[in-house]
Amino acid sequence: MELDFVRNYCLSFPGSSEQVQWENSLLFKVGGKIFLIYNLGELSNNRISLKCDPERFVELTESECIVPAPYLAKNKWISIQDECRLKSSELKELIKTSYELIFSKLTKKVRAQITERTKDLT
């Protein structure tokens, strides 16, 4: 779960941005809403936290290295721990799902603005 891999993939989504917050957390946002938290600190084993498809939440958290995210589990967020050996394709799928879940909850106006900006860039 290399930071550069996660950063490059997260920033490839339309309207995404990054911000350091809470001292050791690199947040990836769309429309001002967080879709992924990357823990830069060494004190926690939880490296990446992201929104999960509610139907997969139980399945994913049955794994030894994926746990309900502290403070965010009630909203179906998971934390992927350092020792987790996900394939890059699996990690990409989880990140994409998180982005899409958060993007879908944005207002129509904000979604349209992001979509319009994306069209202008191409």
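Bear in mind these aren't lab numbers, they're just calculated from the coordinates by the rules spelled out. From a predicted model like this one, the values you see are computed outputs, not experimental measurements. Because the Cβ atoms are built from the backbone with ideal geometry, glycine has one as well, and the counts that use them run over all protein chains shown.
Within the chain, CYS10, CYS52 have no other Cys Cβ under 4.7 Å of their Cβ and so lack a disulfide-compatible partner by this rule. Computing Rg and the Kirkwood Rh from the Cα coordinates of segment 54-122 gives a ratio, Rg/Rh, of 1.08.
Just to be sure I understand the curve: with the Debye formula and one point per C-alpha of the chain, what is log10 I(q)/I(0) at q = 0.22 Å⁻¹? Log-scaled intensity ratios, in q order: -1.35. Counting only residues at least eight positions apart within a chain, or on another chain, the lysines with an alpha carbon under 16 Å from that of LYS96 are LYS29, LYS33, LYS51, LYS76, LYS87, LYS105.
Taking a ≥ b ≥ c as the square roots of the eigenvalues of the Cα gyration tensor, an a/c ratio of 1.5 or more together with a/b no larger than b/c marks segment 5-64 as oblate. Calculated mean residue ellipticity at 222 nm for the chain: -12000 deg cm²/dmol, from DSSP H runs with n ≥ 4 weighted as -39500 (n - 2.57), summed, divided by the residue count and rounded to 500.
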